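Heads up, the thing below is written out as structure tokens.
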Amino acid sequence: MMESVCVYCGSNPGFDPAFRAAAVSLGTEIGRRGMRLVYGGSHLGMMGVLADAVLASGGKVTGVMPALLVEKEAAHRGLTDLRTVHSMHERKLLMADLAEGFVSLPGGYGTLDETFEIATWSQLGLHAKPVVLWNVSGFYDPLFTFLDGIVSAGLLRPQHRALVRRASSLEEVFARLAEPVEAGGGKWLPGDLR
């Protein structure tokens with residue numbers, strides 16, 4: 001059973017109340033299952049809602065934040081464990097090392113950056129951990145269409161496209177996290193570094 005999950009999500013709350021509800025339900029379930037949340041360490045927006053829900057349900061939370069952001073008072077001061085690093089690159093690496101799987105809730109540039117970097121690391125065979133996008137209120141529908149278009153254009157192999165999994169409900173998030181992942185998305189062929 002998975003003991004830790006990294007969640008990427010917005011430091012803004014967004015306009016759709018379903019985003020906040022998803023963060024609360026995901027955090028509550030992480031805590032209920034006795035899992036550790038690994039996330040960006042902020043008290044702001046969906047990040048703060050998520051962490052508070054895990055803590056309220058008796059779970060443990062490890063936040064990872066660059067010193068520059070801690071100094072700007074964005075750090076959540078009630079976490080089980082707050083790790084301070086020097087850079088965003090160190091942040092992403094440590095979060096990846098601490099987690100056994102990854103879930104993306106709705107978010108902006110940072111969420112997309114983290115999601116695609118961790119998916120790329122999976123494509124390269126650097127890890128064999130699941131990457132799940134929770135498609136709350138159809139938020140990621142345009143992104144999934146775009147990814148399928150990249151496959152159709154011959155710029156992404158179908159087995160690598162499959163490394164980014166879609167979930168439409170809380171139950172589906174945990175079902176996708178439980179599915180095995182083949183490092184590198186299967187057998188490598190010439191041109192796979194695209």
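For segment 11-18, state whether one or more residues are within 21 Å of Leu98 (Cβ to Cβ) and in contact with a Gly (Cβ under 9 Å, 6 or more places away or on another chain). Yes, segment 11-18 contains at least one residue that is within 21 Å of Leu98 (Cβ to Cβ) and in contact with a Gly (Cβ under 9 Å, 6 or more places away or on another chain). Screening Ala53 with (1) among the aliphatic types (A, V, I, L, M); (2) surrounded by fewer than 22 Cβ atoms within 10 Å (Cβ to Cβ); (3) farther than 21 Å from Lys129 by Cα gives one miss only, at (2).
Being surrounded by 19 or more Cβ atoms within 10 Å (Cβ to Cβ) and within 16 Å of Ser42 (Cβ to Cβ) is a description that applies to Met65. Taken over segment 82-101, the residue count meeting the criterion of being touching a Pro at 6+ places or on another chain (Cβ under 7 Å), of a type outside the set (D, E, K, R) and either surrounded by 15 or more Cβ atoms within 10 Å (Cβ to Cβ) or closer than 19 Å to Leu163 by Cα (or both) is 3. Considering Gly138, Gly110, the condition of being open to solvent by less than 50 Å² (accessible area, probe 1.4 Å), out of contact with any helix residue (DSSP H, G or I) (no Cβ under 8 Å at 6 or more places or on another chain) and without any contact (Cβ under 8 Å) to a residue 12 or more places away in the chain is satisfied by Gly138 alone. Within segment 1-36, restricting attention to residues that are more than 15 Å from Gly63 (Cβ to Cβ) and aromatic (Phe, Trp, Tyr), the residue that is surrounded by the fewest Cβ atoms within 10 Å (Cβ to Cβ) is Phe15. Cβ-Cβ contacts under 8 Å between residues 6 or more apart (or on different chains), taken from a first residue in segment 65-90 that is free of Cβ contacts under 8 Å to residues at least 40 places away in the same chain and within 17 Å of Ser11 (Cβ to Cβ) to a second residue that is open to solvent by 50 Å² or more (accessible area, probe 1.4 Å) and hydroxyl-bearing (Ser, Thr, Tyr), are listed as Met65/Thr84; Pro66/Thr84; Ala67/Thr84; Val70/Thr84.
Looking at the structure I just gave you, is Leu69 of a type outside the set (Asp, Glu) and at pLDDT 95 or above?
Working: of a type outside the set (Asp, Glu): yes; at pLDDT 95 or above: no.
No: the conditions fail for Leu69.
The values are calculated or read from the model by the stated rules, or taken from the named source; none is laboratory data. Fair warning: this is a prediction, and the values are worked out from it, not measured in the lab. Cβ coordinates were reconstructed from backbone atoms using ideal geometry, including for glycine residues, and neighbour counts include every protein chain displayed. These accessible areas exclude ligands, DNA and RNA; they are computed on the full protein's heavy atoms, side chains included. Shrake-Rupley method; radii C 1.70, N 1.55, O 1.52, S 1.80 Å.
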